[in-house]
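Any read-out appearing in this document is the output of simple, stated calculations on the displayed coordinates, not a laboratory observation. Values in this document were obtained by computation on a predicted structure and should not be read as measured data. Please note: Cβ atoms are built from the backbone with ideal geometry, for glycine as well, and neighbour counts cover all protein chains shown.
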Amino acid sequence: MERLQKVIAQSGYCSRRKAEELISMGKVKVNGELVTELGTKVNYTDTIVVNGKTLNQKEEKIYYLLNKPRGVITSAKDEKGRKTVLDLIPDDKRVYPVGRLDYDTTGVLLLTNDGELTNLLIHPSNHVEKTYIAKVKGLVMKQDIEKLCKGIIIDGKRTSKAKAKVKKKDKKANTTLIQLTIYEGRNHQVKKMFEAVGYEVLKLKRERFSFLTTTGLKSGEYRLLSVKEVKTLYSEVQK
Ligand code: URA
C-alpha cells in the first residue's frame, strides 16, 4: 500500500505536491469514492480518477538480490506449505523470482516486479552468464570436464558451450568441487549436466548471476540493487 499522492505522482499525472492539492480540493476518486484525506493508502490495483481522468498506474520498480539459503522454494506458493523465497524479503510489493533455484540450491537469486527485465534476463537468446560451484560425488575426470564444456545432451537437446574448472579434488572424501559457468537456464540444468557425465551433485551454489554475487550477504540475507546495477543489467541484455 502507498500514499495516494505518491501513487498519483508516480503515474506521471503531476507532482506529489500538486496531487496533494487535488486530493484536498476533492478532485480525486478511488474506486468511485471521493477521497479528500491526504494520507489515504491505496494499492496498484485501485482505480484512481483525477479530474475525471483514470490514471494509468505504474508500480515503482524494485529489485532484490537474495542469497538464497537451502530449504526454501523458488516460487510464490507451495502446496506443501514449505517456506518460499518470498518469505525472506519485504512483502509490501509483489515481486517474482528471476528464474529458479532448486530447493537445496543456494546463492544468488534476483527478485523483482520488473517483468520486462525478468523476461530479458531469462530469455535464452540473451546468454546471461551464470556461475555455479558444484560439489559432486566422485573424482571428476578431465574428459568429462571437456564434455561439459563442449555441450552434452540433456532432455534430448545439446547444452550450449560452457566453462568448467576443477577447484578441488578430495580423494579421501571422494568428491570434486567444480566451477561451472553456463549461459542458458534450463530446468535443473547443472544437476542434469553432471548426471549426463555420470556424477551426482551433492551441493550446489550459484555464486554469480551476470556480474552480481552474494558478496556481503549471509545466507538468507538480501539487499536492494542500486540504480547503476539495474542499468548495467539492462545494458547486458540489450547489447
Ligand atoms: N541447475 C540446477 O540443477 N539446479 C539449480 O538450482 C540451478 C541450476
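Rounded to the nearest 500, what is the chain's calculated 222 nm mean residue ellipticity when only DSSP H runs of at least 4 contribute -39500 (n - 2.57) each, over all residues?
The per-residue figure over the chain is -6000 deg cm²/dmol.
Between region 175-239 and region 16-54, how many Å separate their Cα centres?
That distance is 43 Å.
Please find the FRET efficiency linking Glu195 to Arg94, where r is the Cβ-Cβ separation and R0 is fixed at 41 Å, and quote it to the nearest 0.05.
The computed FRET efficiency comes out at 0.70.
Show me, for region 186-191, the HN-Hα J-couplings you get by feeding each phi into the Karplus relation (A = 6.51, B = -1.76, C = 1.60, θ = phi - 60°), rounded to Hz, glycine and proline as x.
Here the 3J(HN,Hα) series is 6, 4, 6, 4, 5, 4 Hz.
Do any of Lys168/Lys231; Lys6/Lys228; Lys6/Lys93; Lys161/Lys192 go past 26 Å between their Cα atoms, and which?
Flagged as over cut-off: Lys168/Lys231.
Which part of region 1-37 falls in the paramagnetic zone of Val49, meaning amide N under 14 Å from the point 7 Å along Cα-to-beta-carbon?
Once the point is set 7 Å along Cα→Cβ of Val49, 27-35 turn out to lie under 14 Å by backbone N, inside region 1-37.
Shape verdict for region 179-239, please, from the Cα gyration tensor: rounded (a/c under 1.5), prolate (a/b greater than b/c) or oblate.
oblate
Applying a 10 Å radius around every beta-carbon, put 2-12, 83-93, 166-176, 105-115 in order of their mean neighbour count, most first.
So the peptides 2-12, 83-93, 166-176, 105-115, ranked by packing, come out 105-115, 2-12, 83-93, 166-176.
Would you work out the Kirkwood radius for the chain? I mean one over the mean of 1/r across all pairs of different Cα atoms, in Å.
Hydrodynamic radius (Kirkwood, Cα pairs) of the chain is 20.5 Å.
Gain in length, Lys165 to Leu217, computed as 0.36 nm per residue apart minus the alpha-carbon separation, to one decimal in nm?
16.3 nm
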